[in-house]
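Engineer: My questions all concern the structure below.
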Amino acid sequence: MQVTNEAFTAIVEETKAVVISAIRQHLFENYKHAVEDVVQEVYLRAFRSLVKGSFEKRSKLSTWLYTIAKNEAIRMNYRLKREEQKKDFIFFFSKKTFVSENDESPELDSGEIVEKIGLLPVRFRSIIMMHYEGTKEEEIAEKLELPRGTVKSRIHKGKIIMRGLLKKAGLEANNEKP
């Protein structure tokens, strides 16, 4: 199907109300700020599909776009929720372990911290991740089928390794005990 800019502009004008309605129905209330981003993604996907000829005309164009909008809103919910969780985790992780009480530590870049967490040996990484997600030592021990003492020592050792990795990267300025 040959889609011209004028034809696509007409499609957008005809269907924008339906698309926005679908997005508002399926986007979580606390993510309403992302409506325009989702609208753009919907029309980008629709345009690509129309150019490829993927729209098979088994339904009305507005119904097809409604479905795309619903799916994009759901994707955006997932994406934004994941970003919130990552920020919460990084904030909690950095504040609890690496920022000194006199606040002389440099700003911690979440990308650097995530990268350094990925460098931890698996036996420490999984325990550190669970610990900083708020899982109690007893629960970690039960889930991983490890003695509680092993979990406790791996949390301690994982923090030490993490501090060393951050220090090498110039991200830690204090000598706080683990």
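The values are calculated or read from the model by the stated rules, or taken from the named source; none is laboratory data. Computed from a predicted model, the values in this text were never measured in an experiment. Heads up, the Cβs are rebuilt from the backbone with ideal geometry, glycines too, and the neighbour counts pull from every protein chain shown.
Engineer: Any residue in the stretch 43-64 that's in a loop (DSSP other than H, G, I, E, B): show its pairings with residues that are exposed (fewer than 13 other Cβ atoms within 10 Å of the Cβ) at Cβ separation under 7 Å, as long as the two are six or more apart or on different chains.
Structural biologist: What qualifies is G53/M1.
Engineer: Against the condition surrounded by 12 or more Cβ atoms within 10 Å (Cβ to Cβ), in a helix (DSSP H, G or I), at pLDDT 90 or above and small (G, A, S), how does A34 come out, does it pass? Spell out the reasoning first.
Structural biologist: Working: surrounded by 12 or more Cβ atoms within 10 Å (Cβ to Cβ): yes; in a helix (DSSP H, G or I): yes; at pLDDT 90 or above: yes; small (G, A, S): yes.
In short, yes.
Rundown of residues vs (1) exposed (fewer than 12 other Cβ atoms within 10 Å of the Cβ); (2) modelled with pLDDT of 65 or more, yes/no style:
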position	(1), (2)
V51	no, yes
E56	yes, yes
W64	no, yes
R75	no, yes
L80	no, yes
N102	yes, no
M129	no, yes
